[in-house]
Amino acid sequence: MHVASLAAGLLTLTGALGTEVRRDGYQFRPPEGFHMVRWEQYAGSRVGAVGLDAETPRVLSAALTDGEGPDAATFLVSVVSSGFSASPSDREDFASAVMQHYRRELGLQLSPERVERIGGTTPRVEVLGTLREAGQVRTVLIAGLASEGEHAVVTVSAPAVRWQALAPQVRASLETFRHEVPNAAGPVPRRLLGALAGTLAGALVVSYTAWRRRRLRHAANTSV
């Protein structure tokens, strides 16, 4: 009976995840129902790109969503050009960097609820918090995933009323995340070229609110 229950649980977990995403040296399976957003909506942005050192190159690499409108959840993956061990000593430093990123770069007040280090094949540090946008309370999970040379930061945002149902899929997705060690002698990655272009255009830092507003306007225009 125990074996059957375990097998059923594993099947449920597998069914909760979508098709594998491979991009910029990393791979993961997003929660089921999430799909990639068109690149031009976020190219050159540093939304969610939390770095312990403000001078380290960092850029949003991928954005996924499970729908349109204010009730949709978003799944962002940023790449930071420095290693991150996600060790116990990194826990408070990462949490502090998250708060600074939201306050100084995005102009948003994130209220932290939990900071936790999670082990496993790819250790990570998670910051769970809430923010209020346009009268809606959203739950936000920011996870820094361990990797050498460069590392990824995942930001998941959803209406607070949806978070409890979505959280197991998000946790399962993070467990699938893998990041290849970059070749330091190789060519400049495409994402860093995109970041440079964003800087020259004066649009490197795009606020989370502005990014979502563009998505909402796009949704409204396509529904007309």
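The values are calculated or read from the model by the stated rules, or taken from the named source; none is laboratory data. Quantities reported herein were computed from a predicted structural model and do not represent experimental measurements. Here the Cβ is made from the backbone with ideal geometry for all residues, glycine too, and neighbour counts use every protein chain on show. Surface accessibility is based on the protein's heavy atoms, side chains included, excluding ligands, DNA and RNA. Shrake-Rupley method; radii C 1.70, N 1.55, O 1.52, S 1.80 Å.
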Quiz item: Taking interchain pairs and intrachain pairs at least six residues apart, which have beta carbon atoms under 7 angstrom, with the first residue in region 92-111 and outside any helix (DSSP H, G or I) and the second polar (S, T, N, Q)?
Solution: Leu106/Ser207; Gly107/Ser207; Leu108/Thr209; Ser111/Thr130
Exercise. Kindly establish whether Val77 is surrounded by 21 or more Cβ atoms within 10 Å (Cβ to Cβ) and out of contact with any Gly (no Cβ under 7 Å at 6 or more places or on another chain).
Key: yes
Quiz item: Taking only pairs six or more apart or across chains, which ones have beta-carbon atoms under 6 Å, a first residue in region 59-71 that is closer than 20 Å to Arg138 by Cα and exposed (fewer than 15 other Cβ atoms within 10 Å of the Cβ), and a second residue that is among the small types (Gly, Ala, Ser) and at pLDDT 90 or above?
Solution: none
Quiz item: Within region 169-183, restricting attention to residues that are modelled with pLDDT of 60 or more and open to solvent by 60 Å² or more (accessible area, probe 1.4 Å), which residue is farthest from Glu32 (Cα to Cα)?
Solution: Val181
Self-check item: Meets criteria (at pLDDT below 90 and open to solvent by 40 Å² or more (accessible area, probe 1.4 Å)) for Gly186
Solution: no
Practice problem: State all residues of region 129-168 that are of a type in the set (Asp, Glu) and surrounded by fewer than 23 Cβ atoms within 10 Å (Cβ to Cβ); if no residue qualifies, say none. | Solution: Glu133, Glu148
Practice problem: List every residue pair whose Cβ atoms sit under 7 Å apart, with the two residues 6 or more apart in sequence or on different chains, where the first one lies in region 113-134 and is touching a residue at least 40 places away in the same chain (Cβ under 8 Å) and the second, anywhere, is among the polar types (S, T, N, Q) and surrounded by fewer than 17 Cβ atoms within 10 Å (Cβ to Cβ). | Solution: Glu133/Thr209
Practice problem: Considering every residue within region 6-20, establish whether at least one is open to solvent by less than 50 Å² (accessible area, probe 1.4 Å) and at pLDDT 90 or above. | Solution: yes
Practice problem: Could you please find all residues in region 131-163 being farther than 16 Å from Ala72 by Cβ, of a type in the set (D, E, K, R) and part of a strand (DSSP E or B)? | Solution: Arg132
Practice problem: Check Val47 against each of (1) assigned to a strand (DSSP E or B); (2) at pLDDT below 90 and name the one condition it does not meet. | Solution: (1)
Quiz prompt | Residue match in region 83-103 (condition: touching an Asp or Glu at 6+ places or on another chain (Cβ under 7 Å) and surrounded by fewer than 16 Cβ atoms within 10 Å (Cβ to Cβ)) | solution = yes
